[in-house]
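Novice: The structure that follows is given in the form of structure tokens.
The values are calculated or read from the model by the stated rules, or taken from the named source; none is laboratory data. This structure is a prediction, so every number in the text was calculated from the model and none was measured. For neighbour counting, all protein chains shown are included, and Cβ atoms are generated from backbone atoms with ideal geometry for every residue, glycine included. Remember, those area values only see protein heavy atoms, side chains included, never the ligands or the DNA or RNA. Shrake-Rupley method; radii C 1.70, N 1.55, O 1.52, S 1.80 Å.
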Amino acid sequence: MILFLAGTSDARQLAVELKHAGHELIATVVTDSAATSLQQEQISYRVGRLSQQDMSTMIEQENIQTIIDASHPYAEEASKTAMAAAKQHGLPYIRYERPTQDFADPLVTKVETYEEAAALATTHEGTIMLTTGSKTLATFTEKLLGNEKIRVVCRMLPNKENMEKCDILGVKQRDIIAIQGPFSKELNTALYKQYETTLVITKESGKVGSVDEKMEAAIELGIPVILIKRPKIQYENQCTTFQEVHEKLGGIQYGKHEL
């Protein structure tokens with residue numbers, strides 16, 4: 001049995017592929033909406049973030065033999081928890097992460113953290129299009145809201161929790177774009193124009209996360225971009241393609257926990 005952390009849309013596609021290949025797995029997702037594709041394929045799943053103890057209990061109860069960590073590139077704690085649980089139980093750990101993309105353009109400024117991005121954004125004027133999700137929204141609203149020279153427009157998933165968070169943090173309804181991607185370059189271009197965007201803040205999520213469309217649209221319009229780099233984590237058995245994951249699994253000797 002495989003414990004599969006399904007943190008992205010392409011990760012869930014990988015889970016489906018693995019099931020079709022004959023592997024038994026239990027997937028974990030953060031939200032109910034993320035479980036839809038798993039339900040359709042009758043893949044067992046759990047909703048909610050797991051602590052190391054939660055994961056350890058699941059490993060024991062479900063006789064987990066392998067952990068595949070396909071959590072979001074920015075879900076740093078989830079990856080650390082999975083690696084710790086694998087080490088605790090002596091299990092093989094495989095990391096799947098969509099490949100990064102290199103953007104070399106004078107309009108693009110790369111930073112290491114959300115805090116650094118927020119601090120840099122305070123030097124800009126006009127409309128800032130924030131496409132980093134709701135998890136770290138407070139980091140930006142704390143520094144940017146209240147500045148008369150800045151309008152913060154937040155683009156995020158259209159769920160109740162996100163809307164409540166925006167309300168608590170003081171983001172006005174007119175400054176919320178509640179929509180689920182992925183988005184084409186044309187739609188990104190239209191949104192940038194509609195809101196008269198002067199700065200885009202995004203994450204280095206990769207092609208499946210539609211970062212290329214966000215970046216290309218912004219660059220073509222001459223809009224500066226602050227790009228937050230991925231967390232620097234030393235993963236074991238890291239894969240960037242589905243094929244690599246299949247190959248890693250093929251090398252596992254169950255019972256001996258070898259790759």
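Novice: Along each of the three principal axes of the Cα atoms of the chain, give the extent in whole Å, ordering the values from largest to smallest.
Specialist: 62, 37, 31
Novice: In addition: If all Cα-Cα distances of region 118-204 are sorted into 5 Å bins from 0 onward, what percent lands in each bin, rounded to whole numbers?
Specialist: Pairs per bin, as whole percents: 3, 14, 29, 27, 19, 8, 1.
Novice: Tell me, what is the percent relative contact order of the chain, built from C-alpha pairs under 8 Å that lie six or more residues apart?
Specialist: Details: 440 pairs, mean separation 52.8, N = 259.
For the chain, the relative contact order is 20 percent.
Novice: Continuing with this model, one more query. If you take every residue apart from Q194 with its C-beta less than 13 Å away from the C-beta of Q194, what net charge results, scoring Lys and Arg +1 and Asp and Glu -1?
Specialist: Details: positive: R151, R155, R174, K193; negative: D175, E186, E196.
Taking every Cβ under 13 Å from that of Q194, the sum is +1.
Novice: Probe radius 1.4 Å, ligands and nucleic acids ignored: give me the carbon and sulfur share of the accessible area of the chain as a rounded percent. Let's see the in-between values first.
Specialist: Values: 5980 of 12950 Å².
Answer for the chain is 46 percent, counting heavy atoms of protein chains only.
Novice: How long are the semi-axes of the equivalent ellipsoid of region 1-72, defined as square roots of 5 times the Cα gyration tensor eigenvalues? Whole Å, largest first. All intermediate terms of the calculation are to be shown ahead of the outcome.
Specialist: Working: eigenvalues 60, 42, 20 Å².
The equivalent ellipsoid of region 1-72 has semi-axes of 17, 14, 10 Å.
Novice: Report the Cα-based extents of region 66-180 along its three principal axes, largest first, to the nearest Å.
Specialist: For region 66-180, the Cα extents along the three principal axes come out at 55, 37, 23 Å.
Novice: What number comes out for accessible area per residue over region 1-125 if the probe is 1.4 Å? Units Å², please. Before the final figure, lay out the partial values.
Specialist: Working: 5930 Å² over 125 residues.
Counting only protein heavy atoms, the per-residue value for region 1-125 is 47 Å².
Novice: Residue-wise, which Karplus ³J(HN,Hα) couplings in Hz belong to region 83-89, taking 6.51 cos²θ - 1.76 cosθ + 1.60, θ = phi - 60°, and x for glycine or proline?
Specialist: Values, residue by residue: 5, 5, 5, 4, 5, 4, 9 Hz.
Novice: Run the count for region 31-172, please: Lys pairs, Cα-Cα under 16 angstrom, 8 or more apart or on different chains.
Specialist: 6
Novice: Give me the distance between the Cα centres of region 8-41 and region 73-106, rounded to whole Å.
Specialist: Region 8-41 and region 73-106 have Cα centres separated by 17 Å.
Novice: Also, quick follow-up: Once the dipole of the chain is set up with Lys and Arg at +1 and Asp and Glu at -1 on Cβ about the Cα centre, which of Q180, L120, Y45 lies farthest towards its positive end?
Specialist: L120
Novice: For E196 and K80, FRET efficiency with R0 = 51 Å and r from the beta-carbon atoms, rounded to 0.05? Could you put the intermediate results ahead of the total?
Specialist: Working: r = 40 Å, r/R0 = 0.79.
So the FRET efficiency works out to roughly 0.80.
Novice: When only DSSP loop residues count, what trypsin sites (Lys or Arg not before Pro) in region 1-50 have their Cβ near at most 16 other Cβ atoms within 10 Å? Walk me through the numbers on the way to the answer.
Specialist: On the way: sites: R12, K19, R46, R49; in loops: R49.
Filter output for region 1-50: R49.
Novice: Sticking with this one: Per 0.36 nm of contour for each residue apart, how much would the distance between E142 and Q88 grow if the chain were fully extended, relative to their Cα-Cα spacing?
Specialist: Numbers: separation 54, 0.36 × 54 = 19.44 nm, distance 3.86 nm.
Gain in length upon complete extension: 15.6 nm.
Novice: Starting from region 73-115, pick out the trypsin sites (Lys or Arg not before Pro) whose DSSP state is loop and whose Cβ has at most 16 other Cβ atoms within 10 Å.
Specialist: Details: sites: K80, K87, R95, K110; in loops: none.
In loop regions of region 73-115 (DSSP not H, G, I, E or B), there are no sparsely surrounded trypsin sites (Lys or Arg not before Pro).
Novice: Sticking with this structure for a sec: Points 7 angstrom from Cα along the Cβ direction at I233 and K135: gap in nanometres?
Specialist: Each label point lies 7 Å from its Cα, and together they span 0.9 nm.
Novice: Can I ask one more? How large is the dipole of region 14-73 about the Cα centre if only Lys and Arg carry +1 and Asp and Glu carry -1, each at its Cβ, rounded to the nearest 20 debye? Don't skip to the answer; put the middle values down first.
Specialist: Details: 3 positive and 8 negative charges, 21 e Å.
Computed charge dipole of region 14-73: roughly 100 debye.
Novice: So which trypsin sites (Lys or Arg not before Pro) in region 125-180 pass both tests, a DSSP loop state and at most 15 other Cβ atoms within 10 Å of the Cβ? Mind dumping the intermediate values first?
Specialist: On the way: sites: K135, K143, K149, R151, R155, K160, K165, K172, R174; in loops: K135, K149, K172.
Qualifying residues, ordered by number: K135, K149, K172.
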